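S.K.: Before I ask anything, let me first share the structure, which is written out below as structure tokens.
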Amino acid sequence: MADLIFKSLVALALFASSLLCSSLAGASSDVPFILAHKKATLNRLKSGAERVAVTIEIYNQGTSTAYDVSLTDDSWPNDAFNVVSGSMSKTWERLDAGGILSHTFELEATQKGVYSGEPAVIKFRVPTKAALQEAYSTPILPLDVLADRPPEKKLDWVKKLLAKYGSLISVITIVVLFVYLLITPSKSSSKASKKRR
């Protein structure tokens, strides 16, 4: 009995997937396909204030142009962030197939806390459809704004560089020493050449 139920579920899944594929194949394949990536980085100023640089990149991976592209990122609470540069919305006339658009703005944090940015909303028009189409960016990971961080020690950056590039530095040093040994004549070979004369 369980075997019969399993086979019928598999058949139903195959039927549903074939129905989905046929409906997608019947749809127009000449449309924009919008992907958007949102990233935010924290920058602590010497004054103790903290700024958030937000960058949103919009990619058109489709086969046709998207028109009247608008970006809105209003997920940042007004009581916790002030806009320092740029704006949280932007419009473009078009985004060609294979094209990339980028928008950056900077916020200054006014309250301490952990903030998770919602995805930005991208709206665009397709010539074959009357209604505006919507796409969403990726959300960002939670940001711990104005968090108490221990001061970074002066030699920590040296340790980080050595941890990251230490093996590369070792290999380059060994190669340089080997080439140096091959190029410079040794003292014993120079004495032997003087005795032969």
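The values are calculated or read from the model by the stated rules, or taken from the named source; none is laboratory data. Quick caveat: nothing in here was measured; it's all calculated off a predicted structure. Reconstructed Cβ throughout: ideal geometry from the backbone, glycine too, with neighbour counts over all protein chains shown. Protein only, heavy atoms only, side chains kept; ligands, DNA and RNA dropped before computing areas. Shrake-Rupley method; radii C 1.70, N 1.55, O 1.52, S 1.80 Å.
S.K.: How many residues does the stretch 93-112 hold that are open to solvent by 50 Å² or more (accessible area, probe 1.4 Å) and under 18 Å from the mean Cα position of the chain (by Cα)?
M.R.: Within the stretch 93-112, residues that are open to solvent by 50 Å² or more (accessible area, probe 1.4 Å) and under 18 Å from the mean Cα position of the chain (by Cα) number 4.
S.K.: Would you please name the residue that is modelled with the lowest pLDDT, looking only at residues in the stretch 29-51 that are open to solvent by 70 Å² or more (accessible area, probe 1.4 Å) and in a loop (DSSP other than H, G, I, E, B)?
M.R.: 29
S.K.: If you don't mind, there's one more thing I want to ask. Open to solvent by less than 60 Å² (accessible area, probe 1.4 Å) and free of Cβ contacts under 8 Å to residues at least 24 places away in the same chain: which single residue out of 75, 70, 64, 85 fits that description?
M.R.: Working: 75 fails: free of Cβ contacts under 8 Å to residues at least 24 places away in the same chain; 70 fails: free of Cβ contacts under 8 Å to residues at least 24 places away in the same chain; 64 fails: free of Cβ contacts under 8 Å to residues at least 24 places away in the same chain.
Unique residue meeting the criteria: 85.
S.K.: Among what's in the stretch 113-136 and is of a type in the set (Ser, Thr, Tyr) and without any contact (Cβ under 8 Å) to a residue 60 or more places away in the chain, pick the residue that is least open to solvent (accessible area, probe 1.4 Å). Reasoning before the result, please.
M.R.: Step one: filter the stretch 113-136 for residues of a type in the set (Ser, Thr, Tyr), giving 115-116, 128, 136.
Filter once more, so that each one left must be without any contact (Cβ under 8 Å) to a residue 60 or more places away in the chain: 115-116.
On the way: 115: 39, 116: 70 Å².
Ranking the candidates gives 115 first.
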